[in-house]
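Encoded as structure tokens, the structure appears first; notes follow it.
The values are calculated or read from the model by the stated rules, or taken from the named source; none is laboratory data. Small disclaimer: the values here were computed from a predicted structure and weren't measured. We place every Cβ from the backbone using ideal geometry, glycine too, and count neighbours over all the protein chains shown.
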Amino acid sequence: MTYQRDFASKPPVLIWGKTELSHHVAVEIGRHLPVIWAFPGKLVGQPEGITVLADSRLVKVTGSCGDFTVQMETGGRLTSQVVGAMVVFPEPASDLASRVRSAGKAEKPLTMVLALKKVRPGDFRENVHQALALNSQGHQIYLVVDEVQVSFPGGEELCQEARQAGVIFLKDTVLSLVDNESGSEPGQCTAWNVIADAGCREWLNQTVYLDNSSLDRTNPLVIEADRVWCYNGAQAGSDYQETLKLLGAETDRQEYYPFRTRRKGILLVDPGWGEPFSEEETIACLKVLLDSIMDGDRLPCNYEIQPDLCALCLTCYRTCPHQAVRLGQKANNLYGQAMLIDQGACFSCGRCYAECPAEAISMVLPQDKTPTMVLACENSGGPLLKEAGITGKLFPCAGSIGVTDILKAWQPGVDRLVILTCRDGKCQHGSGGKRLSSRVMRLNRLFRSLTRPVHIEVIQVSAQDRADDVWRRVMTHDSGGA
Amino acid sequence: MIVGELKALSDIKSMIKGCRKVLVVGCGGCVTVCQSGGLQEAETLARLLALDSPDMTVESLAVPRQCEWEFLEQVCPVIGGYEIVVSTACGIGVQAMNEYFRDFQTVPALNTRFLGMPVRHGLFEERCQACGDCMLHLTGGICPVARCSKNLMNGPCGGSQNGKCEISREIDCAWQLIYDRLKELNQLERLLVLQPPKDWSQSRDGGLRRMAREDVMLDDRE
């Protein structure tokens, strides 16, 4: 292994978490890299070869990948650690599913309302499973959700099955509870308010008023419920959201890519996303990711701001999905200063390059001059184009395909250009496909005024698609409903 | 900043009808920031026009500010080869180009809309009408000239409903905003002071406006 040779020169990895898994990961990673394992709470047994900071609290994280400065309060004393990367284990979520399961053992059929707010796909999946199981035992289940999440493997099929079996999904719903025994007024006890300070709460024998705008009802739906559970994912695991916020890694979107956050160098081991990994898989995956971060052969930043051309319009600063752009370099432009891409934090997605209205961001990439009518995101479209034998111009993300790139690719006599992007919600840079689609929509609108109208077609693909199917969609006018 | 918006492509095409060599000149100032007329938009427009008429030569460039003679000098070396110039600057840039390059016609590619700011990325809103007699200190920093549909100076009209203006549910009533802001500042008593008629001679009604800083002006010998 290359990293063993210069072990001493590597900045350490901070492992943050008090679970058993975090302990095992710290020990395993510690065999190859210097590790600091920190957590709130007491130390039980000293693992060999790693630095342990028990009774710690994260205070502040500054810097970027390879050179983070982490301020911590350890045993009431402020300390500062310089680390190369961080692996964070959030507190485990409250175990709602097992509480629900025990209620299902009742002898008579019950009416149950299970309200899930801001839950991660792992919790969502588990609770839909539970609802389905209870339903098959003869109980009537109402699942009140803020969104029907299907983006985990098998999610679509699971929700479909639950619906067909009779589990009722309710979206955009406000719950009010009235205790059947004390008979309080509806509206005085809104379930979401009650759980504002707690992750999970259970009620017995309630009348539930469901004000559901998506059902287009003027009056609330009233349910006599034997059991009501409200579960707020944002509160589950008391320090989860706070820790993410402190790390600058908080996100509303669903991270499809395991362990990565939008702040480079900070990895989050969160079994809530996608299919859970086994301990071996988790450790193996973390090793690979840490290797790529710590091994020093980072990709050079492919995008650079030319300070003299920067108009300080803040477009790059506002649109960067990884918060990698900041104000900070001197320039010979009108303002004497320009924006700067923090190379340690840049994922080279090229969003800034595509959106810069002053064309002040250059792409340091070998330019392929081969004429083509297909442009593609290299993550989703790249492998498929190769397999299908189609020449296309590849970009690091669909979000990096700018309006002028699209127009430059145009060949005389061609009336159709195809761009391959990831499917919605699958972009590893947040919403590259969505950004591209808005650009294409505007261009297509402008194209309608041309004497000989031309058209750009966006085709959503994923690496699992069949190459011959993609070939057909690219080469013919059948976009497959995308 | 000055906020502009690209004209319909068909309008721009009709302005340059019959010309074979077209230069699109962008501006690095306000219209770059409002995403309508910087180098990227100038290049986009040039490529669209070229795509429309393959026999037409269309090139693009941008200057730091189209409203300054010194920056227009940068266009001198290239303009000779073209028949017409399309400017993606605001109306000031278009006029500066026409005044500076007397032998060429410069036509506007943008409609100059207003003086405003991005309230969020991509959404611009008017904030100032350049009335020449600022009264923001009296109204909690919210301009009744730019933001009240009727330019009222002494409180709202009867069309203020639930904080919105009667002309659209999308538009906040400026006087509701002023009331809320003055309340925040603990200055509600300001609303009891009657505002006399405003000095509109400083606004557009007094003819072409000029502002002179004699202390910084250079005379012809300098």
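Computed values, structure above
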{"quantity": "Strands (runs of 3 or more DSSP E) enclosed by the range A:11-103 - at least 2 residues per element that are farther than 30 Å from A:R227 by Cβ and under 22 Å from the mean Cα position of the chain (by Cα)", "calculated": "A:13-16, A:56-64, A:85-88"}
{"quantity": "Yes/no for B:L110 being more than 16 Å from the chain's Cα centre (by Cα) and either at pLDDT below 95 or at negative phi (or both)", "calculated": "no"}
{"quantity": "Filtered residues of the range A:250-281 (kept if at pLDDT 60 or above and of a type in the set (D, E, K, R))", "calculated": "A:E250, A:R260, A:R262, A:R263, A:K264, A:D270, A:E279, A:E280, A:E281"}
{"quantity": "Output for the range B:195-216, where each listed residue is among the hydrophobic types (A, V, I, L, M, F, W, C) and over 14 Å from B:V145 (Cα atoms)", "calculated": "B:L208, B:M211, B:A212, B:V216"}
{"quantity": "Close pairs from the range A:333-362: first among the basic types (K, R), partner outside any loop (DSSP other than H, G, I, E, B), Cβ under 7 Å, at least 6 apart", "calculated": "A:R351/A:T319; A:R351/A:G399; A:R351/A:S400; A:R351/A:G432; A:R351/A:R435"}
{"quantity": "Pick from the range B:49-61, criterion under 27 Å from A:D308 (Cα atoms) and surrounded by fewer than 22 Cβ atoms within 10 Å (Cβ to Cβ), ranking: farthest from the other protein chains (Cβ to nearest Cβ)", "calculated": "B:E59"}
{"quantity": "Those residues of the range B:1-26 which are more than 10 Å from every other protein chain (Cβ to nearest Cβ), over 18 Å from B:R127 (Cα atoms) and surrounded by 23 or more Cβ atoms within 10 Å (Cβ to Cβ), in sequence order", "calculated": "B:V22, B:L23, B:V24, B:V25"}
{"quantity": "Subset of the range A:300-327 that is assigned to a helix (DSSP H, G or I) and among the charged types (D, E, K, R) - its residue that is nearest to B:C34 (Cα to Cα)", "calculated": "A:R318"}
{"quantity": "Qualifying residue in the range B:115-124 (condition: buried (at least 16 other Cβ atoms within 10 Å of the Cβ), farther than 30 Å from B:V75 by Cβ and among the aliphatic types (A, V, I, L, M))", "calculated": "no"}
{"quantity": "Enumerated helices (runs of 4 or more DSSP H) restricted to the range A:348-462, each holding at least 3 residues that are within 28 Å of A:I293 (Cα to Cα) and either among the charged types (D, E, K, R) or away from every other protein chain (no Cβ under 14 Å) (or both)", "calculated": "A:381-388, A:432-447"}
{"quantity": "Test: residue in the range B:64-87 that is buried (at least 17 other Cβ atoms within 10 Å of the Cβ), touching a residue at least 24 places away in the same chain (Cβ under 8 Å), within 9 Å of chain A (Cβ to nearest Cβ) and in contact with a Leu (Cβ under 8 Å, 6 or more places away or on another chain)", "calculated": "yes"}
